[in-house]
Amino acid sequence: MNALTLEGVSKRYGDFQAVRDLSFTVKKGAICGFLGPNGAGKTSTIRMILGLQPATTGSIQILGASDGRQVRDRIGFLPEERGLYKKMTPIDAIAFFGSLKGLPTGEGRKRAKEMLEAQGLGASKNKKMKELSKGMAQKVQLIASVVHRPEFVILDEPFSGLDPVNQQGLETVIRDLAANGATVLFSTHVMQHAERLCDQVVLVARGRKAFDGTVAEARDTSRRFLDLEGAIAVEQAGALPGVTGVDVVSEQDGVRVLKAALAQGAAGQDALKAAFLTGLDVRRFELKEPTLHDAFIDLTGDHPDQDQSVARPTNAPETV
């Protein structure tokens with residue numbers, strides 16, 4: 001039932017280790033977020049899955065094949081590096097890319113027209129690519145990557161450069177792909193997209209796997225926080241039941257906004273009850289459940305937007 005299996009996969013460029021002993025599986029029909037900071041090893045892993053470059057060690061199985069090139073007509077791929085022929089029209093570009101995957105040109109043009117109209121690009125189907133906005137061109141490239149109706153879709157940073165409206169539209173496309181039976185693997189460093197979309201998330205940092213599971217399981221690894229506001233001393237907040245640490249967010253005229261971390265399994269209600277019983281001046285009390293962003297920071301020690309590629313040698317790819 002697995003569409004993808006990686007076992008002990010590593011990738012080295014000279015002295016630079018881009019991916020380290022990476023293992024995970026993705027079930028057929030799942031949406032899997034492949035998450036991590038820029039330079040964490042996501043794109044190198046995707047290239048190995050596709051068979052565009054060999055793994056230094058380990059094995060990869062995709063759609064039953066040991067090399068992505070053996071099943072390339074069953075795979076759709078949207079690379080991070082965007083690029084379409086500027087003088088082609090969207091309908092011609094989509095049909096052309098479909099033909100590279102074995103789709104007859106006539107059928108490709110028919111599907112291209114239908115898919116462009118579904119994405120609100122019907123009126124632009126015969127314009128030249130260079131006349132389209134960045135968001136429109138990105139939609140065209142996405143359509144081109146899935147016009148042959150692939151079983152496995154790989155999207156590398158698909159939300160990069162899109163405005164919020166187009167990001168929402170892309171989320172709908174990803175859900176529709178999965179609803180129609182495709183397996184989707186997409187890389188991103190923006191946790192909110194994965195939080196809304198994914199059945200499974202794989203977090204990587206510095207080339208290593210930091211987590212593999214559901215979004216809910218990832219959140220469960222992180223702490224909950226209490227936001228407290230009032231004339232409360234840090235020592236008083238730190239003495240509340242279950243509180244393991246307190247940060248001062250702001251302070252003005254003796255009124256502090258505090259962020260108090262709760263221990264795993266601690267009940268926020270116990271802290272609130274204790275605060276009132278001890279007469280603390282609590283003007284606002286809010287329990288904050290952890291997000292996937294919080295979990296990522298706790299699991300990896302890194303901010304997802306942090307660039308980890310500073311140590312990359314000159315002979316390694318620009319994006320790894």
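The values are calculated or read from the model by the stated rules, or taken from the named source; none is laboratory data. Owing to the predicted nature of the structure, the values given are computational and were not obtained by experimental measurement. Quick reminder, even Gly has a Cβ in these numbers, built from the backbone with ideal geometry, and neighbours come from all protein chains shown.
The table that follows gives values for the structure above.
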item	result
Qualifying residue in segment 73-87 (condition: touching a residue at least 40 places away in the same chain (Cβ under 8 Å), over 24 Å from residue 163 (Cβ atoms) and assigned to a helix (DSSP H, G or I))	yes
Search result, residues across segment 280-301 that are more than 23 Å from residue 250 (Cβ to Cβ) and of a type outside the set (D, E, K, R)	292, 295, 296, 299, 300, 301
Residues of segment 79-111 that turn out to be in contact with an Asp or Glu (Cβ under 6 Å, 6 or more places away or on another chain) and either at pLDDT 95 or above or not small (Gly, Ala, Ser) (or both), as a count	3
Residues located in segment 287-297, provided they are of a type outside the set (Lys, Arg) and in contact with a Phe, Trp or Tyr (Cβ under 9 Å, 6 or more places away or on another chain)	287, 289, 290, 294, 295, 296
Qualifying position, being modelled with pLDDT under 85, hydrophobic (A, V, I, L, M, F, W, C) and surrounded by fewer than 17 Cβ atoms within 10 Å (Cβ to Cβ), among 216, 231, 267, 274	267
Every residue from segment 70-105 that is under 30 Å from residue 27 (Cβ atoms) and surrounded by fewer than 12 Cβ atoms within 10 Å (Cβ to Cβ)	81, 102
Answer residue from segment 181-216, given it is without any contact (Cβ under 8 Å) to a residue 60 or more places away in the chain and part of a helix (DSSP H, G or I) and is nearest to the chain's Cα centre (by Cα) among those	196
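Residues checked against (1) farther than 19 Å from residue 90 by Cβ; (2) surrounded by 13 or more Cβ atoms within 10 Å (Cβ to Cβ); (3) without any contact (Cβ under 8 Å) to a residue 40 or more places away in the chain:
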{"residue": "110", "(1), (2), (3)": "no, yes, yes"}
{"residue": "117", "(1), (2), (3)": "no, no, yes"}
{"residue": "137", "(1), (2), (3)": "no, yes, no"}
{"residue": "170", "(1), (2), (3)": "no, yes, yes"}
{"residue": "179", "(1), (2), (3)": "yes, no, yes"}
